[in-house]
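Working notes, structure below.
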Amino acid sequence: MSLKNLNPRFGVLLLFILAAGVIRVVLGADTNMSPIAMFTPVGAMALFGGASFSQKWKSYAFPLLALFVSDVILMQFFHQQYADGLLYRGWIWNYASFVLIVLLGQLMIKKASVMNILMGSAGAALIHFFVSNFGVWISGSTNMLTGLPYTRDLAGISSCYIQAIPYMWYVLAGNLIYSTIFFGSFELVKRRLRFAQ
């Protein structure tokens, strides 16, 4: 395949996904795991990928690949204490939340409007909050307050969700800001380069 045959729209979409992965690594390198480490573009990346790739498999494959590569880099170089092999305990739940966010982008953002992007960003934050924190709890991760694994009862799951609330606000802010940047920039690029839909 020659460079002349590359679809410029596809190339721009990949560039956005790559940028999201790089930003995630830069922000996620915070070894203190402060809530600001959750102010990343990955939720917006999944939403944007779901709404923008014309071939459905690409809308899942490329955001999940960027998530995987950034996770491996973060776990192997910055957060080895949380690593469980290449990734971290309960990773499957986090990835499930991103699959659902891609699906949300496909279903909700057929046209990039302010309302669709706002609702999609909020929905993505809620999906991530409920699915990934369920995974934190069910996988036996450590309760930050006690230093012990979360108990497998209502108190344990409640504590897990309550402790995750500050992080959820950063995820929501990241979704809103990065979605605005991704969708807005992509619309400008589409108009300038006159991409086919």
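The values are calculated or read from the model by the stated rules, or taken from the named source; none is laboratory data. Just so it is clear, the model here is predicted, and its values are computed rather than measured. For neighbour counting, all protein chains shown are included, and Cβ atoms are generated from backbone atoms with ideal geometry for every residue, glycine included. Side chains included, ligands, DNA and RNA excluded: accessible areas come from the protein's heavy atoms. Shrake-Rupley method; radii C 1.70, N 1.55, O 1.52, S 1.80 Å.
Would you be able to say whether some residue in the stretch 157-178 is touching a Cys at 6+ places or on another chain (Cβ under 8 Å) and either modelled with pLDDT of 95 or more or surrounded by 19 or more Cβ atoms within 10 Å (Cβ to Cβ) (or both)?
Among the residues of the stretch 157-178, not one is touching a Cys at 6+ places or on another chain (Cβ under 8 Å) and either modelled with pLDDT of 95 or more or surrounded by 19 or more Cβ atoms within 10 Å (Cβ to Cβ) (or both), which makes the answer no.
For residues that are open to solvent by less than 20 Å² (accessible area, probe 1.4 Å), aromatic (Phe, Trp, Tyr) and without any contact (Cβ under 8 Å) to a residue 40 or more places away in the chain, tally how many sit in the stretch 77-118.
Here the count works out to 0.
One residue is enough: does the stretch 4-26 have a residue meeting the conditions at pLDDT below 90, out of contact with any strand residue (DSSP E or B) (no Cβ under 6 Å at 6 or more places or on another chain), outside any helix (DSSP H, G or I) and hydrophobic (A, V, I, L, M, F, W, C)?
Within the stretch 4-26 (the criterion being at pLDDT below 90, out of contact with any strand residue (DSSP E or B) (no Cβ under 6 Å at 6 or more places or on another chain), outside any helix (DSSP H, G or I) and hydrophobic (A, V, I, L, M, F, W, C)), the answer is yes, since at least one residue qualifies.
Within the stretch 31-75, take every residue that is touching a residue at least 24 places away in the same chain (Cβ under 8 Å) and part of a loop (DSSP other than H, G, I, E, B) and give me the one that is nearest to Ile17 (Cα to Cα).
Pro41
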